[in-house]
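Please treat every number below as a calculation from the coordinates, not as lab data. Note that the coordinates shown come from a computational prediction; the quantities given were computed from them, not determined experimentally. Cβ coordinates were reconstructed from backbone atoms using ideal geometry, including for glycine residues, and neighbour counts include every protein chain displayed.
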């Protein structure tokens, strides 16, 4: 009886020692570039993103947010934020021109207006002092989006393919 109890305790201890080790491997190092199709970076999509479609892009809600790792040495030189997205012609026909605003931490980036459908790359410079952190939250906000009632039950603004911070 004693032998069986001791053996059970040893097996239980071994299993418990493995649990923290396995959990550590589940945490991914944040990245500076989020390719929306890359599932390994999906945990950096904070809110406002719909499911992955065609294995390469996602619709967003009017407001959406990511968390990006600042590039190496960016706190010295600053960085440029890039958002690559597509606006279908039908969005412009239904909503009119769309204005995009963005904030990085407590810093407000310049707004930009888009009056035609097509592929776009929004860019904004972020000062170095904001990049002395392990992860920078970035929130994007369009002034309007297609309401869930008019769409497929989701609020739809634009289609995003990539978000990144590049060191200057």
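Quick notes on this structure:
- Histogram of C-alpha separations across region 30-167, 10 Å bin width, %: 13, 45, 32, 10, 1
- Only Cα pairs under 8 Å and 6+ residues apart enter the sum, and on that basis the relative contact order of region 61-129 stands at 43 percent.
- Here the alpha carbons of region 23-80 define both size measures, Rg and Dmax, at 13.2, 39 Å.
- Globularity ratio of region 65-115, using Cα Rg and 2.2 N^0.38 Å: 1.47
- By the count of neighbouring beta-carbon atoms within 10 Å, fewest first, 29, 164, 111 end up ordered 29, 111, 164.
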